[in-house]
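The values are calculated or read from the model by the stated rules, or taken from the named source; none is laboratory data. Here the structure is a predicted model, which is why all the values come from computation and not from measurement. Positions of Cβ are backbone-derived with ideal geometry, glycine not excepted, and every protein chain shown enters the neighbour counts. To get the accessible areas, we keep the full protein, side chains included, count just its heavy atoms, and leave off ligands, DNA and RNA. Shrake-Rupley method; radii C 1.70, N 1.55, O 1.52, S 1.80 Å.
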Amino acid sequence: MNELEKYFDLLWPINRSLTGEGNRKTLKILSEIIDLDIKEVPSGTTCFDWTIPPEWNIREAWIKDENGKIVVNFADNNLHLLGYSTPMHAKMPLAELKPNLYSLPDYPEVIPYLTSYYKERWGFCMSNNQLKSLKEGIYEVYIDSDLNPKGSLTYGEAILKGNSDKEVLFSTYICHPSMANNELSGPLVTSFIYKALKEMGNLKYTYRFLFVPETIGSIMYLSKNGAHMKDKLIAGYTVTCIGDPGNFTYKRSRIGNSLGDRAAELVLKQTENKYTIKDFFPSGSDERQYCSPGFNLPVGSLMRTMYGLYKEYHTSADNKSFISFDAMQGSIDKYLEIVKLIELNEFYINSMPYCEPQLGKRGLYPTLGSQKNQAKFVEALLWFLNYSDGSHDLIEIIDKSGLHYAEFFDIISKCREAGLIS
């Protein structure tokens with residue numbers, strides 16, 4: 001079993017929500033991979049137009065029929081309970097119970113994922129087949145939960161310091177109970193990106209990693225740190241829906257052509273046969289908070305199959321069998337390629353701009369005329385030197401050349417060593 005699968009299995013049973021012990025357990029487990037600073041924000045804290053809700057915890061929830069048989073049990077699948085359900089213990093006929101039961105008639109075999117964060121109610125979710133099988137009679141409903149106004153919202157943050165105080169953001173969320181692609185793929189991919197960058201060391205930029213409950217978490221974080229991010233952030237990504245085997249989708253930031261957008265799109269263009277680029281739209285995940293007009297941060301989102309576009313989305317079918325750990329590792333690798341391009345991107349200046357420099361005497365040109373195994377290197381080198389005029393950055397040069405970005409990585413260090421660029 002690889003590490004991704006090991007941590008997936010540890011995290012899968014935990015009931016996560018906007019707040020609660022499940023989020024703390026999740027962050028504690030992820031702290032084995034990433035050096036998280038786990039923080040608490042009190043319920044009732046104002047964050048722009050929002051307020052941190054009471055902390056919700058659930059211990060037990062079920063429905064019994066009149067023979068005492070449990071027909072729906074939160075212990076079997078934590079999607080069975082409507083998120084943020086209020087405490088309840090009562091007996092009632094099926095007709096009175098049904099308005100509090102939720103299913104998906106178009107997908108009769110799956111349990112829907114539903115929440116009621118900001119309006120107090122209770123409810124249970126089940127497959128439509130199960131709902132139709134319920135017989136008339138008296139049912140007992142039991143929900144052992146609490147909503148604590150003196151609780152808190154829990155989030156995690158990790159920062160990898162680079163040589164520059166300019167930052168790249170990776171933001172993901174920890175608020176969905178037992179969903180594989182639309183929950184655990186994001187925190188796992190983000191954690192292993194951190195691990196790889198930490199091992200890489202000597203980073204140019206500083207990298208900020210956030211694990212927050214979706215929407216309210218990013219709003220809270222921006223209310224505390226938005227001014228800093230406006231000043232320091234040069235690129236960022238919301239990491240979600242990144243574990244299925246589908247083709248990649250990149251959703252641009254509101255800016256549309258930020259450094260993060262350009263790097264992600266160039267990597268996809270040169271490494272993927274099929275992928276989708278979408279302009280920013282003001283719904284989706286936390287990128288819509290980072291890209292709200294008051295901040296307009298350069299935050300996009302690299303996904304695989306986008307949220308809402310696969311039938312398993314927000315249902316019990318978004319489970320371990322839907323994702324691929326090989327695809328998840330591929331997503332980590334793709335993000336790391338994008339980071340490498342961001343790290344190397346600069347406006348370089350050719351220190352010998354009057355005609356071509358004599359490359360042979362610097363060991364940068366083959367001495368036996370044309371050698372095919374050197375041809376790509378020389379072509380990329382000439383492109384790089386010609387356009388290193390202070391007005392074209394590396395990404396633009398690579399895109400103009402049509403050559404693979406990897407061809408340029410060695411060239412930069414070799415040209416530096418030869419004193420050809422600054």
Query raised in the report: For region 301-350, rounded, prolate or oblate, judged on the Cα gyration tensor with a ≥ b ≥ c (square roots of eigenvalues), a/c < 1.5 rounded, else prolate if a/b > b/c?
Result: prolate
Report task. Apply the membrane-span-like helix rule to the chain: whole DSSP H runs, Cα extent along the own long axis of at least 24 Å, mean Kyte-Doolittle hydropathy at least 1.0. List the helices found. Result -> none
Report task. Write down Rg/Rh for the chain, rounded to two decimals, with Rg from the C-alpha atoms and Rh from the Kirkwood relation over Cα pairs. Result -> 1.08
Report task. Using amide H atoms built 1.01 Å from N in the peptide plane, name the residues 5+ places from residue 57, or on other chains, whose amide H lies under 5 Å from its own. Result -> 146, 148
**Report entry** Sequence-distant residues sharing a close amide H with residue 249 (under 5 Å, placed H)
**Finding:** 276, 303, 304
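Nearest 500 deg cm²/dmol is fine: what mean residue ellipticity at 222 nm does the chain get from its DSSP H runs of n ≥ 4 alone, each adding -39,500 (n - 2.57), divided by its residue count?
After summing the helix terms and dividing by residue count, I get -9500 deg cm²/dmol.
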**Report entry** Accessible area (Å², 1.4 Å probe, nearest 10) - residue 30
**Finding:** 0 Å²
Query raised in the report: With θ set to phi - 60° and the Karplus curve 6.51 cos²θ - 1.76 cosθ + 1.60, what are the ³J(HN,Hα) couplings of region 280-291 in order, to the nearest whole Hz, using x for Gly and Pro?
Result: 4, 9, x, 9, x, 9, 6, 4, 6, 7, 5, 9
Report task. Just list whichever of 91/119; 39/166; 204/414; 166/320; 166/195; 195/320 have alpha carbons separated by over 28 Å in the model shown. Result -> 166/320
Query raised in the report: Taking N as the number of residues in region 64-132, what value does Rg over Cα atoms divided by 2.2 N^0.38 Å take?
Result: 1.08
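Checking the a/c ratio against 1.5 first, then a/b against b/c, what shape does the Cα gyration tensor give for region 214-359?
Since a/c reaches 1.5 but b/c is at least a/b, the shape of region 214-359 is classed as oblate.
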Query raised in the report: For region 316-420, what does the alpha-carbon gyration tensor say about shape, rounded, prolate or oblate, given a ≥ b ≥ c as the root eigenvalues, a/c under 1.5 as rounded, and a/b over b/c as prolate?
Result: prolate
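Let me have the relative contact order for the chain, percent, based on Cα pairs under 8 Å that are six or more residues apart.
15 percent
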Query raised in the report: Among 150-160, 194-204, 46-56, 298-308, what's the highest-first ranking by average C-beta atoms within 10 angstrom per residue?
Result: 298-308, 150-160, 46-56, 194-204
Query - Whole-Hz ³J(HN,Hα) from phi, Karplus 6.51 cos²θ - 1.76 cosθ + 1.60, for region 98-106, glycine and proline x - result: 4, x, 9, 10, 10, 8, 10, x, 6
**Report entry** As computed over region 148-292, the Cα convex hull volume per residue (Å³)
**Finding:** 130 Å³
Query raised in the report: Out of residues 5 or more away from residue 36 or on other chains, whose amide H comes under 5 Å of its own, with H placed 1.01 Å from N in the peptide plane?
Result: none
Query raised in the report: Which value, in Å to one decimal place, does the Kirkwood hydrodynamic radius take for region 371-421 when every pair of different Cα atoms is included?
Result: 11.0 Å
